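The numbers here are math on the coordinates, done by the rules we state, and not lab data. Fair warning: this is a prediction, and the values are worked out from it, not measured in the lab. Positions of Cβ are generated from backbone atoms using ideal geometry, with glycine treated the same way; all protein chains shown enter the neighbour counts.
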């Protein structure tokens, strides 16, 4: 039996993770820790503690960190000191220094650190990785990626808080596609250009639109549209697509294509019926905690993606490409 | 009244324009092409004569329609203005921003019309989306995504692949969406672009003066026979998508019946080229203002020049009006 906890209920994924942990065999959801009463109230899925040390004292082997982004480092420090393995929500941190320290404290303590990149466990994206390995489209030349969504503030206002989230659409959405591209290529991003704006939901303090161009060290280029550009009445939260151009062909992937389109009682929505990448991600993490395998996604992957996301802001300010 | 039209060039696009002029009150009376055989064929089809040179063509007509390779546009425009005839010119208006500016100036000075064939403004789906934007249906434009992905024009029209003549994929293909981006989101002040596939695949970011951002993919590196033109316009109050199914496999074999010059998928109603030429005809007959101004044509070339410079320097380039 692997004993797992959740630190923080700020992130919208906490409830889904709790449901998965409860459902998995040989896993016990020990409890969650959350100091803010307004987030703690109404939580019935498990025991709830008001601080992280109480959760650690309840004996956990591993923890999923779902605090707001600027509180990741403090949580990970506590957990690493206690020898607890960590699966940390993305982006890893709101600054490069914090993200690097998250990686370092886990290294020093000898605990495992995984970044929550569920798209690594998305079947169509895994197939894309295989196609690239098999050179089905020849050598990769360029990617065109979109990770668009509705503004997530309905779920949690801090997603649009410049301090808590470190930014807006860029922090929320650039990291997934950076990680996918770097994973597929086995290459490192070296340069970023971006323009960002605040046309969607001008009432918030952070950027809500952005188009990012990344150059990798093998010469491949890729663009990412990270905008919160889906209207409030869009059927679902958003989506992720990536198109790959190679020397011998092209292939396009919609990571959320396994869905029904449904119109019901005056609303329209899409109903997912396929594979749940979050579940596979957590299973992989638990397997690594048990020593069954090594981590396929690490803190270094999260650090790299965070560096690119933060480089986006530097470029937008400079109006020129910047090195990362 | 019927205007006398002179076609300059007798290649692929001239044939398309000739078919379109046939639906107007106007008639093609003369065709000029340095390749006299080609000119003779199109002239015979159009019931026109073959002109020995541009000057004699200009002497026979009220309007010239320039469907010649891009690098020749500016000199034909200058000669037409000199001859005081109105001008329809295929996009791009000219090979360079400086040539395009001069072309606009020389036509203004001569008092002749200069109508630029940015045909995307006449594609019904693009026009309908623009109408919705102008009507305020989606609020302020935030991010525009434009995609035009096809294969390299080949065969008889090989001047396309000579970048010194065509300006490559940026000036020949991406310019469609550069102009459309300006039409829906206003003028552009800064551009950045990267290329792959030997320069035949370009991803560009346009920063509009009003803060909107356009992302444009233009590609001559897609599989033989494919042509995808897709767009999405996201605004503060809504979203417009032109869904295009992705018809690509991981690899597509070249088929034998592929057109030398890629043709965009068109609507089931009238050809956008017919819509365009009919509109130009009515403007030339004194009815209304053109949907595309000469300045629009020059701005599109200037922005493409900036994109080409960005590709060379890997720097963002100011292209402010």
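Extension gain, residue B:128 to residue B:263: 0.36 nm times the residue separation minus the Cα-Cα distance gives 46.5 nm.
Taking chain A as a Gaussian network of alpha-carbon nodes connected by springs under 10 Å, the highest mean-square fluctuation of the residues A:212, A:220, A:170 belongs to A:220. Convex hull of alpha carbon positions in the protein assembly as shown: directionally averaged projected area 29.7 nm². The label-point distance for residue A:217 and residue B:210, in a model that sets each label 7 Å from Cα toward Cβ, rounds to 4.3 nm. Treating r as the C-beta distance of residue A:155 and residue A:271 and R0 as 22 Å, the FRET efficiency rounds to 0.70. When a/c reaches 1.5 or more, the comparison of a/b and b/c decides; with that in mind, is the stretch A:2-117 rounded, prolate or oblate per its Cα gyration tensor? Prolate shape, in that a/c is at least 1.5 and a/b is the bigger ratio. Estimated at 0.36 nm per residue, the fully extended path between residue B:318 and residue B:55 surpasses their Cα-Cα distance by 90.8 nm. Listing B:304, A:226, A:106 from fewest to most neighbouring C-beta atoms within 10 Å gives A:106, B:304, A:226.
For the stretch A:96-239, what does the alpha-carbon gyration tensor say about shape, rounded, prolate or oblate, given a ≥ b ≥ c as the root eigenvalues, a/c under 1.5 as rounded, and a/b over b/c as prolate? Oblate, since a/c reaches 1.5 and b/c is not below a/b. Computing Rg and the Kirkwood Rh from the Cα coordinates of the stretch B:1-93 gives a ratio, Rg/Rh, of 0.91. Take the Cα of residue B:164, go 7 Å toward its beta carbon, and the backbone nitrogen atoms of the stretch B:75-103 under 16 Å from that spot belong to B:95-96.
Counts of other chain beta carbons within 10 angstrom of each beta carbon in peptide B:207-215 average 5. Computed from label points 7 Å out along Cα-Cβ, the spacing between residue B:82 and residue A:205 is 6.5 nm.
Residue exposure proxy: B:140, B:214, ordered by other Cβ atoms within 10 angstrom of their Cβ from fewest to most, comes out as B:140, B:214. If I fit a long axis through the Cα atoms of helix B:36-46 and take the longest principal axis of the Cα atoms of chain B, what angle between them do I get, 0 to 90°, rounded to 10? Between helix and principal axis, roughly 90 degrees. With contributions of -39500 (n - 2.57) from each DSSP H run of at least four residues, the per-residue ellipticity at 222 nm computed over chain A stands at -10000 deg cm²/dmol.
Once both labels are positioned 7 Å from their Cα atoms along Cα-to-Cβ, the gap between residue B:37 and residue A:22 label points is 8.0 nm.
Say a paramagnetic label sat at a point 7 Å from the Cα of residue A:318, along Cα to Cβ; which residues of the stretch B:279-321 have their backbone N under 20 Å from it? Of the residues in the stretch B:279-321, B:307, B:309-319 have backbone N under 20 Å from the label point off residue A:318. Here the calculated FRET efficiency for residue A:233 and residue B:4, from their Cβ-Cβ distance with R0 = 41 Å, stands at 0.15, rounded to the nearest 0.05.
Taken along its three principal axes, the alpha carbon spread of chain B comes to 51, 44, 40 Å, from the longest extent down to the shortest. Neighbouring Cβ atoms from other chains, within 10 Å of the Cβ of residues in B:303-316, number 1 on average.
Among B:70, A:95, a tally of other beta-carbon atoms within 10 Å of each Cβ gives an order, fewest to most, of A:95, B:70. Using Cα atoms only, what is the angle between the long axis of helix B:272-284 and the major principal axis of chain B, expressed in degrees (0 to 90) to the nearest 10? For B:272-284 against chain B, the angle is about 60 degrees. Classification of the stretch A:98-142 by its C-alpha gyration tensor yields a prolate form. The axis ratio a/c (a ≥ b ≥ c) is 1.5 or more, and a/b outweighs b/c. For helix B:294-313, report the angle its Cα long axis makes with the longest principal axis of the Cα atoms of chain B; keep it between 0 and 90° and round to the nearest 10°. For helix B:294-313, the angle is close to 50 degrees. For the stretch B:70-138 versus the stretch A:112-169, the spacing of their alpha-carbon centroids is 41 Å. Shielding value for A:190-200 is 6, the average number of Cβ atoms from other chains within 10 Å of each residue's Cβ.
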